[in-house]
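Have a look at the structure below, then the notes.
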Amino acid sequence: MAAIAKGFGVEGEVVHNPMQLRQALARARRSTVEGKPYLLDVQVARRGVTWAEKPWIPPIQVAGMRQKKV
């Protein structure tokens, strides 16, 4: 997500662990105080009852729903 934001001219970074988070938040705050957006892509561990090993994603077939055939 940080790379996509950078493509739109928005500064950002990926945070991989809690030790990096405090410094990343400080950089984000400085940027927003200056009136600029800043994206933090914080990677979290997916553990516990609410996370599935393989999340279910519904099948979407947009091409079949189009009215105009291309």
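What pairs come up if the first residue lies in segment 8-34 and is closer than 20 Å to V44 by Cβ, the second is of a type in the set (G, A, S) and assigned to a helix (DSSP H, G or I), and their beta carbons are under 6 Å apart, counting only those six or more places apart or on different chains?
G12/A2; G12/A5; E13/A2; E13/A24; V14/A2; V15/A24
So, A28, is that one within 15 Å of the chain's Cα centre (by Cα) and either at pLDDT below 90 or not in a strand (DSSP E or B) (or both) or not?
Yes.
Go through segment 31-55 and give me each residue that's modelled with pLDDT of 85 or more and surrounded by 10 or more Cβ atoms within 10 Å (Cβ to Cβ).
Passing the criteria: S31, T32, K36, P37, Y38, L39, L40, D41, V42, Q43.
The values are calculated or read from the model by the stated rules, or taken from the named source; none is laboratory data. Quick caveat: nothing in here was measured; it's all calculated off a predicted structure. Please note: Cβ atoms are built from the backbone with ideal geometry, for glycine as well, and neighbour counts cover all protein chains shown.
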